[in-house]
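Computed from the coordinates by the stated procedures, all read-outs in this text should not be read as laboratory data. Because the structure is a prediction, the values reported are computed rather than measured. Quick reminder, even Gly has a Cβ in these numbers, built from the backbone with ideal geometry, and neighbours come from all protein chains shown.
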């Protein structure tokens with residue numbers, strides 16, 4: 001055989017070996033160094049850009065859950081398994097999210113935690129549903145579970161729950177009668193604002209202005225000037241902290257004294273840094289109990305901070321989502337989505353964020369609490385926790 005022939009044969013053998021390796025990896029059947037079967041879990045969230053702090057905290061919570069379960073030497077069908085995270089950055093972009101979702105399906109992953117945003121989770125959910133692949137999303141937009149997909153579940157209460165509680169609260173507890181609303185036109189921001197508006201009206205309040213911006217805008221002067229002329233008692237914003245921080249500064253510079261109220265994406269340390277002293281008096285809601293009131297909050301915070309540092313808003317919810325997903329596999333004694341999905345749907349999990357986490361027939365959380373916070377002396381301070389366990 002000529003030297004060229006040997007070289008061509010070597011290339012062919014290497015190609016066959018690579019193909020075999022890829023097929024094994026896609027099937028999730030490759031083994032760890034200790035002989036345990038690797039079961040791969042997908043994760044998707046914004047890991048770069050303006051929402052990276054949300055996504056990274058979410059990812060770290062999921063990773064800690066996998067580490068905790070792996071430390072217990074789990075077995076499925078009598079054989080040792082190790083759970084491994086396959087993390088992807090969807091950049092909070094719907095198109096990227098659908099590409100990642102298809103990639104996860106093609107890789108034959110066992111289950112998904114994510115996506116983070118409503119605008120990414122909703123289109124990705126169709127791909128997962130078609131493949132029969134369960135996913136537990138952080139997304140809060142009502143539309144996620146209204147689609148009727150049996151594979152979609154939530155980590156947090158929906159905007160229907162949060163917006164309705166918050167709208168009623170500002171009228172009945174804070175005495176606001178005239179309310180202005182701004183949203184960022186994302187599935188999350190607009191959806192939360194819609195539910196908030198319904199609840200304000202139902203409680204007897206009036207919406208004096210409804211304005212919108214984009215999730216990329218930084219100058220809100222024109223909108224705020226228009227709102228100021230309507231004389232609202234408060235201003236609601238459906239959007240993220242990288243916008244609500246500058247917004248509250250611009251609001252005060254324009255002489256609009258009405259306090260800003262927003263959802264959980266504002267109730268963050270990032271908002272406090274961006275808003276500075278102008279953030280005083282801002283109100284925001286967050287699904288769930290305050291960390292120190294969560295059943296496993298104190299211990300979780302200690303263990304998490306020792307490994308990753310300061311927690312983000314969504315960290316404990318990512319942890320519980322991953323624990324729920326893995327617990328369903330272990331209880332079903334199978335990492336096959338078709339086998340463990342019925343178990344997942346009937347989950348009753350004692351988690352960090354709640355004493356009993358369970359889903360209704362749409363995949364929404366049952367009996368979720370909503371906590372209302374206010375910035376006092378530069379810190380988020382609990383005003384009241386409504387509902388929940």
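The table below lists the values:
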item: Mean Cβ count within 10 Å, highest first, over the residues of peptides 113-126, 263-276, 285-298, 372-385; result: 113-126, 263-276, 285-298, 372-385
item: For the chain, Kirkwood radius (reciprocal of mean inverse C-alpha pair distance, Å); result: 22.0
item: Cα-based helix-to-principal-axis angle, 297-308 vs the chain, degrees rounded to 10; result: 60
item: Cα→Cβ-extended label distance, 7 Å offset, between residue 48 and residue 34, nm; result: 3.5
item: Contact order normalised by residue count of the range 136-225, Cα under 8 Å, 6+ apart, percent; result: 28
item: Burial ranking of peptide ranges 253-260, 64-71 (average Cβ count within 10 Å, highest at the top); result: 64-71, 253-260
item: Residue 366/residue 126 FRET efficiency (R0 35 Å; Cβ-Cβ; nearest 0.05); result: 0.90
item: Value at 222 nm in deg cm²/dmol, rounded to 500, when DSSP H runs of n ≥ 4 in the chain each add -39,500 (n - 2.57); result: -14000 deg cm²/dmol
item: Added length on full extension, which subtracts the Cα-Cα distance from 0.36 nm per residue, residue 150 to residue 79; result: 22.7 nm
item: log10 of Debye I(q)/I(0), alpha-carbon scatterers only, for the range 210-297 at 0.11, 0.14, 0.17, 0.25 Å⁻¹; result: -0.31, -0.48, -0.67, -1.33
item: 0 to 90° range, to nearest 10: angle between helix 315-332 axis and the chain longest Cα axis; result: 40
item: FRET efficiency, 1/(1 + (r/R0)^6) with R0 51 Å, evaluated for residue 72 and residue 185 via beta carbons; result: 0.70
item: Full-stretch length increase - residue 93, residue 208 - with 0.36 nm per residue and alpha-carbon distance subtracted; result: 38.2 nm
item: Spin-label pair residue 86/residue 382, simplified geometry with 7 Å Cα→Cβ offset, distance in nm; result: 4.0
item: FRET efficiency, residue 218 to residue 336 (Cβ-Cβ, R0 35 Å, nearest 0.05); result: 0.15
item: Principal-axis tilt of helix 3-26 within the chain, Cα atoms, nearest 10 degrees; result: 50
item: Distance in nm between pseudo-label sites at residue 177 and residue 106 (7 Å out along the Cβ direction from Cα); result: 6.1
